[in-house]
Amino acid sequence: MKNCKRNPGWLSLVALLLVGCLLSLPSVAQPDQSQTADAKRELMQSLPGVTADYWRDVEGGNSGTTASNSPGADTLIMVEGEAWREWRNNWVSPGGLIALGGSALTILLFYLLVGSIKLDNPRSGRKVERWKRIDRAIHWYVASLFIILGLTGLMLLYAKWFLQPILPGGVWAAFMTASKNIHNYLGPLFALGLLAMIIKWMRHNWLTLVDLKWFAKGGGIIGKAHPSAGYLNGGEKAWFWLVTFVGLTVVISGLVVDFPNFGQSRETMQTTLLIHALAALILMAASFGHIYIGTAGTEGAFEGMKTGYVDETWAKQHHDLWYEEVKDQAMDEEELQALKTGEPAPADAKS
């Protein structure tokens with residue numbers, strides 16, 4: 001049998017791979033410190049010319065080279081990644097569940113204790129235009145993308161805890177790849193819709209003294225009389241500004257992560273990803289209230305965004321100041337039309 005010659009380079013490569021595997025393994029239990037030190041010492045001794053100082057630098061993320069020229073490629077061990085993982089798994093994920101669950105539970109309790117807001121008087125049958133077609137198109141465009149992005153984002157954040165254990169490996173991989181791609185590709189489209197909505201509706205959402213009085217009465221929960229409101233009430237304006245600031249935070253942070261080819265470092269992308277997740281979870285938790293009030297929580301509210309029109313009774317009860325403006329405008333138009341045609345003005349027109 002021929003004698004096999006020793007190959008120090010081969011042994012060094014194997015030892016280096018072993019070190020990398022040991023350092024990348026998740027910590028299931030805290031090992032004995034003396035055993036860990038002995039293992040590291042043996043591995044260090046098997047690599048000619050590599051000292052303990054070198055490994056200390058590697059563990060601190062300050063040493064090592066690779067063949068890649070991409071940003072961060074000279075870092076063999078990214079110590080910031082462990083901090084990011086702890087923030088994501090120990091704070092953001094549980095905090096998001098608390099926020100989403102707390103919001104849903106609060107709405108459920110409110111519904112059981114207070115119930116939906118009904119119309120005080122029967123419907124009149126006369127319709128008042130509330131939302132133009134362009135307004136409804138923007139709303140449903142943004143809302144649809146928001147729901148899809150919310151669901152795929154939740155899958156990326158939580159699915160490994162309840163779906164991965166029950167799905168075959170190939171199905172799990174395909175499902176998560178689809179969720180990631182849908183989330184990444186629809187994100188920029190959502191950004192365009194959000195900007196259009198902000199620009200289109202901002203003029204209606206400046207706070208006034210009427211809105212402060214609306215908040216003081218809890219939107220009609222406190223006291224018997226429903227508080228006055230213009231085209232949008234204080235609650236709708238609060239939701240708009242929340243969507244504006246938190247939504248823009250979600251969009252900007254999402255674009256930073258979505259397009260890594262602009263040279264941002266891994267540390268920047270990790271921090272931005274945490275901000276993105278936090279802002280998105282806050283917005284989703286708040287959206288439960290908006291969805292409830294606009295559907296089951298308020299009789300007649302959904303009709304406005306579905307058809308563009310609301311019943312006159314609904315307009316008088318929830319947005320009385322806006323209704324008066326619409327009525328006055330309609331009467332002015334009827335008067336003008338009567339003058340043009342020479343016909344007598346309606347009896348209820350202004351003199």
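The values are calculated or read from the model by the stated rules, or taken from the named source; none is laboratory data. For clarity, every value in this text was computed on a predicted model and none was experimentally measured. Cβ atoms come from the backbone with ideal geometry, glycine included; neighbour counts cover every protein chain shown. We work out accessible area using only protein heavy atoms, side chains counted, and drop any ligands, DNA or RNA first. Shrake-Rupley method; radii C 1.70, N 1.55, O 1.52, S 1.80 Å.
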> Roughly how much of VAL257 is accessible, in Å² to the nearest 10, using a 1.4 Å probe?
Replying inline: 40 Å²
> Ordered by packing density, taken as the mean number of other Cβ atoms within 10 Å over each peptide's residues, highest first, how do 117-128, 298-309 rank?
Replying inline: 298-309, 117-128
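Would you mind getting the accessible area per residue of the stretch 112-251, heavy atoms of the protein chains only, 1.4 Å probe, in Å²? Present the calculation step by step, with values, prior to reporting the outcome.
On the way: 8310 Å² over 140 residues.
Solvent-accessible surface per residue comes out at 59 Å².
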> Too long at a 28 Å Cα-Cα cut-off: which of LYS118/LYS200; LYS180/LYS237; LYS224/LYS327; LYS200/LYS327; LYS132/LYS180?
Replying inline: LYS118/LYS200; LYS180/LYS237; LYS132/LYS180
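Assign unit charges at the C-beta atoms only (+1 for Lys and Arg, -1 for Asp and Glu), then state the dipole size of the stretch 142-276 relative to its Cα centre in Debye, rounded to the nearest 20. Write down the numbers at each step before the final one.
Numbers: 9 positive and 4 negative charges, 71 e Å.
Dipole about the Cα centre, nearest 20: 340 debye.
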>> Taking the Cα centre as origin and putting +1 on Lys and Arg beta-carbons and -1 on Asp and Glu beta-carbons, what dipole magnitude results for the stretch 197-286, to the nearest 20 debye?
In response: 400 debye
> How far, in nm, would the chain grow between GLN329 and TRP161 when pulled straight, counting 0.36 nm per residue and subtracting the alpha carbon separation?
Replying inline: 54.7 nm
> So how much accessible area does PHE245 have, in Å² to the nearest 10, using a 1.4 Å probe?
Replying inline: 130 Å²
> Which ³J(HN,Hα) values, rounded to whole Hz and listed in residue order, are derived for the stretch 140-153 from phi using the Karplus coefficients 6.51, -1.76 and 1.60 in 6.51 cos²θ - 1.76 cosθ + 1.60 with θ = phi - 60°, glycine and proline given as x?
Replying inline: 6, 5, 5, 5, 5, 5, 4, 5, 5, 5, x, 5, 5, x
>> Test of understanding: what is the full-extension gain from HIS204 to ASP120, defined as 0.36 nm times their sequence separation minus their Cα-Cα distance?
In response: 27.6 nm
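Quick check: residue separation of LYS132 and LYS224 times 0.36 nm, minus the Cα distance between them. What number comes out in nm? Don't skip to the end; give the middle numbers.
Working: separation 92, 0.36 × 92 = 33.12 nm, distance 3.20 nm.
Residue separation times 0.36 nm, minus the Cα-Cα distance, leaves 29.9 nm.
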> Does the stretch 100-156 classify as rounded, prolate or oblate by the C-alpha gyration tensor (a ≥ b ≥ c root eigenvalues; a/c under 1.5 gives rounded; else a/b over b/c gives prolate, otherwise oblate)?
Replying inline: oblate
> Per the Kirkwood definition applied to all pairs of different Cα atoms, how many angstroms is the hydrodynamic radius of the stretch 234-337?
Replying inline: 17.0 Å
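If LYS224, LYS213 are ordered by their accessible area, calculated over protein heavy atoms with a 1.4 Å probe, which sequence runs from highest to lowest? Intermediate results must be reported in sequence, preceding the final value.
Details: LYS224 205, LYS213 125 Å².
I get LYS224, LYS213, largest accessible area first.
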>> Give me the one-decimal nm value for the distance between modelled label points at PHE110 and GLU303, 7 Å along each residue's Cα-to-Cβ direction.
In response: 2.3 nm
